[in-house]
Amino acid sequence: MADAKVIPFGEEPRSRRKGQRQGRAHRAQGPLKPVPQQRDEERGQRAETLAAAATTPPLPPHDPPGGGAPAGGWERRLAHGLSFLRRRVTGEYEVDDFGYDEDLTDQVLMSLLRPMYEKYFRVEVKGIENIPESGGALVVANHSGVLPLDGLMLQVAVHDHHPADRHLRLLAADLVFVLPVINELARKLGHTLACAEDAQLLLERGEVVGVMPEGFKGIGKPFSERYKLQRFGRGGFVSTALRAGAPIVPCSIVGAEEIYPMIGNAKTLARLLGFPYFPVTPTFPWLGPLGGVPLPTKWTIQFGEPIPTDSYPPEAADDPMLMFNLTDQVRETIQHTLYKLLVQRRSVFF
């Protein structure tokens, strides 16, 4: 590039003065006609511009300028939706002997739970790589929140974040499978009865199984006892993991305790309805159906390092002392991680 000329302030460039004089002279004679050499130069410039435009690669159709929605996104969604409907109509989908419908879970049920997971509770996941990429594994987590939303959010976390696209098969209480509608949805999501036989069969098939040993004692505890783990039953989950040779992955969930602060328990009403408890919260039952809306707390789910069980002999599953020690180890790991996450969290809602 040629060196620029410095023009003192207040002095007009000679070229501009010369151009102005020529312009006045030609205006007196009429409009200027381009000379042949000038026309050739203009044609050459236009040709170069067209050639550059022809060689410039166009933007991909899925990445429009301005950061808008990808072109063709709705077409792809529509195509996926029509393909899903075709499979449902023609019966080209599989349901296992526990009732798990993977196609329905991936295409519909997870899509319904994902907005609550991402936008409402804004779940942060840590240590997801501690779940093995293949083979059976038993995820043991704390339980809280009056309603078992923590189990559903745990399922979305594994489904959406595990690098090997693994699915979590939750063990649920008997009550889940006697409730209308809830029973069918739970089966479709891959939930099964919390019994040792079903859990061991799933582990031997290489599934990731989730269990919350606190049960109703954890989910229905008062708000004053939040984040204090209840008794882990008799350690049956440890015996199941030992028999299947599957690692135990401790999991700590922070944020679920505050979605329904339980300040009371209407035990008489609970007995009449056949429920293990009937919660009384600052909003329920006072606000009616609106009291059933959970508070938008900020959640953190952390998976701890797996505890291997394949090094124990087969008869170890019948050793009560070993089961007690492993149960206590898992419980203490979850409790310690809960305290650590609570110290790190800025607030309940942010």
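In table form, for the structure just shown:
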| quantity | calculated |
| --- | --- |
| Segment residue 335-residue 76, extension gain: residue separation times 0.36 nm, minus the distance between their alpha carbons | 88.8 nm |
| Whole-number accessible area per residue in Å² for segment 78-144, which is evaluated in the context of all protein chains at 1.4 Å | 54 Å² |
| Amide N of segment 273-297 lying under 17 Å from the label point, which is placed 7 angstrom from the Cα of residue 173 along Cα→Cβ | 273-281 |
| Accessible surface of segment 77-218 [probe 1.4 Å, protein heavy atoms]: carbon and sulfur percent | 58 percent |
| Contact order relative to length of segment 178-297, as percent, for alpha carbon pairs under 8 angstrom and 6 or more apart | 20 percent |
| Whole-percent carbon and sulfur share, accessible surface of segment 245-350, 1.4 Å | 65 percent |
| Accessible area per residue, Å², segment 211-350 with all protein chains present, probe 1.4 Å | 52 Å² |
| Long-range HN-HN contacts of residue 126 with modeled amide H, under 5 Å | 301, 302, 303 |
| Environment charge of residue 313, counting only residues whose C-beta is closer than 15 Å and scoring Lys/Arg +1, Asp/Glu -1 | -3 |
| Shape category assigned to segment 124-212 from the gyration tensor of Cα positions, a/c cut at 1.5 | oblate |
| Compactness of segment 278-350 as Cα Rg over 2.2 N^0.38 Å, two decimals | 1.74 |
| Cα centroid of segment 275-312 to Cα centroid of segment 150-190, whole Å | 14 Å |
| Whole-Hz ³J(HN,Hα) from phi, Karplus 6.51 cos²θ - 1.76 cosθ + 1.60, for segment 309-318, glycine and proline x | 10, 6, 8, 7, x, x, 6, 5, 5, 9 |
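The values are calculated or read from the model by the stated rules, or taken from the named source; none is laboratory data. Quick caveat: nothing in here was measured; it's all calculated off a predicted structure. For neighbour counting, all protein chains shown are included, and Cβ atoms are generated from backbone atoms with ideal geometry for every residue, glycine included. Keep in mind that these areas ignore ligands, DNA and RNA; they rest on the heavy atoms of the full protein, side chains included. Shrake-Rupley method; radii C 1.70, N 1.55, O 1.52, S 1.80 Å.
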